[in-house]
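The values are calculated or read from the model by the stated rules, or taken from the named source; none is laboratory data. Computed from a predicted structure; not experimentally measured. Neighbour counts are summed over all protein chains in view; Cβ atoms, including those assigned to glycine, are modelled from backbone coordinates with ideal geometry.
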Amino acid sequence: MARRLAVWLAAAALAGCATPASKPERGALAAAPALDPSAQRGHDLAARRCAGCHEIGEDDGGAAEGPAFRTLARRYNSLSLRGRFAEISAHGFDRMPPISFSKSEADDLTAYLGTLHAP
Ligand code: HEC
């Protein structure tokens with residue numbers, strides 16, 4: 001009986017030790033969370049149409065002609081982002097040419113930017 005308890009305690013201690021080791025794995029998963037469908041569409045749209053000039057991910061070392069999307073995510077809240085997207089879609093912005101996208105595409109982009117967290 002006592003021996004069985006000792007085995008159980010040893011197993012519990014091992015399990016305790018294993019926990020910190022498994023943390024990085026969980027962190028890696030958290031870095032790439034499943035996106036909700038709207039954010040996923042926004043991501044795909046960004047990858048197709050914006051990634052040529054913008055870094056669209058957390059840190060993907062992509063094109064850097066325009067500001068990184070994670071910077072925009074920090075600069076604007078979702079309401080003002082929608083406004084910026086509508087404006088940009090119609091007129092472009094300074095060095096950025098107009099790239100038209102629909103209102104629902106702008107919503108998807110906004111949802112996607114909402115998933116980016118500035119460092
Ligand atoms: C041809 C290159 C190019 C493409 C493609 C492009 N952008 Fe840009 N974008 C720029 C540049 C350059 C700037 C910075 C403009 C400046 O500050 O002069 C910019 C700035 C912006 C800004 C910031 C505006 C502000 O208020 O500061 C937003 C938002 C933006 N782009 C969204 C998008 C989205 C969304 C897409 C894809 C649908 C996209 N861009 C595709 C070049 C591009």
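Residue by residue through segment 35-85, note down the ones that are without any contact (Cβ under 8 Å) to a residue 24 or more places away in the chain, hydrophobic (A, V, I, L, M, F, W, C) and under 15 Å from S104 (Cα atoms). Passing the criteria: only L79.
So for segment 39-52 (the condition being assigned to a loop (DSSP other than H, G, I, E, B), at pLDDT 90 or above and either touching a Lys or Arg at 6+ places or on another chain (Cβ under 6 Å) or within 16 Å of Y112 (Cβ to Cβ) (or both)), does at least one residue qualify? Talk me through it step by step, then tell me what you get.
Of the residues in segment 39-52, the ones assigned to a loop (DSSP other than H, G, I, E, B) are 50-52.
From the residues that got through so far, the ones that are at pLDDT 90 or above too are 50-52.
Still in the list and also either touching a Lys or Arg at 6+ places or on another chain (Cβ under 6 Å) or within 16 Å of Y112 (Cβ to Cβ) (or both): 50-51.
Checked segment 39-52: at least one residue is assigned to a loop (DSSP other than H, G, I, E, B), at pLDDT 90 or above and either touching a Lys or Arg at 6+ places or on another chain (Cβ under 6 Å) or within 16 Å of Y112 (Cβ to Cβ) (or both).
Of all residues in segment 84-106, those that are more than 8 Å from the ligand (Cβ to nearest atom), within 21 Å of the chain's Cα centre (by Cα) and either not assigned by TED's automatic domain parsing to the domain that holds A68 or not in a helix (DSSP H, G or I) (or both) total 0.
Being part of a loop (DSSP other than H, G, I, E, B), within 12 Å of the ligand (Cβ to nearest atom) and closer than 12 Å to Y112 by Cβ is the filter here; which residues of segment 55-79 pass it?
I56
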